[in-house]
1. How compact is the stretch 1-51 by the rule of thumb for globular proteins, expressed as Cα Rg over 2.2 N^0.38 Å?
2. How large is the helix-only mean residue ellipticity at 222 nm for the chain, computed as the sum of -39500 (n - 2.57) over DSSP H runs with n ≥ 4, divided by its residue count, in deg cm²/dmol to the nearest 500?
3. Percent of Cα-Cα pairs more than 13 Å apart in the stretch 53-103, please.
4. Can you list the lysines whose alpha carbon sits under 17 Å from that of Lys57, skipping same-chain ones fewer than 8 residues off?
5. Report ³J(HN,Hα) in whole Hz for each residue of the stretch 67-73, in order, from the Karplus equation J = 6.51 cos²θ - 1.76 cosθ + 1.60 where θ = phi - 60°; Gly and Pro get x.
6. What does the convex hull of the Cα atoms come to per residue for the chain, in Å³?
Amino acid sequence: MTDTVEMHMIAEAAAKAAVEETLIKLGIDVSNPIKAQQDFMVLREVGKLVMDSEFRKDMEHLRAWRMAINDVKSKGIVTLVGILVTGSVALIVAGFRGWIKMP
């Protein structure tokens, strides 16, 4: 009878250690089960949001806005550089023309 109880205790300890090690490898804090439950609750809510078609459409719309803003920003920088280069070249040409016409 004592062998059975002892085997049961060893099996329980081994199972507990294996489960804790597995959960730790998955990134779950086993020392604070309440925090882990709260994290899973948040994950469930996020999962529901991701599955909602309206939420997905909102995210796609925000992505389109972000991409448009990035395009405007990059094209604005290119335009600014073009204006500066054109102005510099015009200034050099005007100075050169004035230098040539000097008596």
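1. Numbers: Rg = 16.6 Å, N = 51, 2.2 N^0.38 = 9.8 Å.
The reported ratio for this selection is 1.69.
2. Numbers: 3 runs with 91 residues, N = 103.
Dividing the helical sum by the residues of the chain leaves -32000 deg cm²/dmol.
3. Values: 905 of 1275 pairs.
Counting every Cα pair in the stretch 53-103, those more than 13 Å apart make up 71 percent.
4. Qualifying lysines at Cα under 17 Å: Lys48.
5. Taking θ as phi minus 60°, the curve returns 5, 5, 4, 4, 5, 4, 5 Hz for the stretch 67-73.
6. Details: hull volume 18.2 nm³, N = 103.
That works out to 177 Å³ per residue.
Computed from the coordinates by the stated procedures, all read-outs in this text should not be read as laboratory data. Computed from a prediction, not measured in an experiment: that's the story for all the values here.
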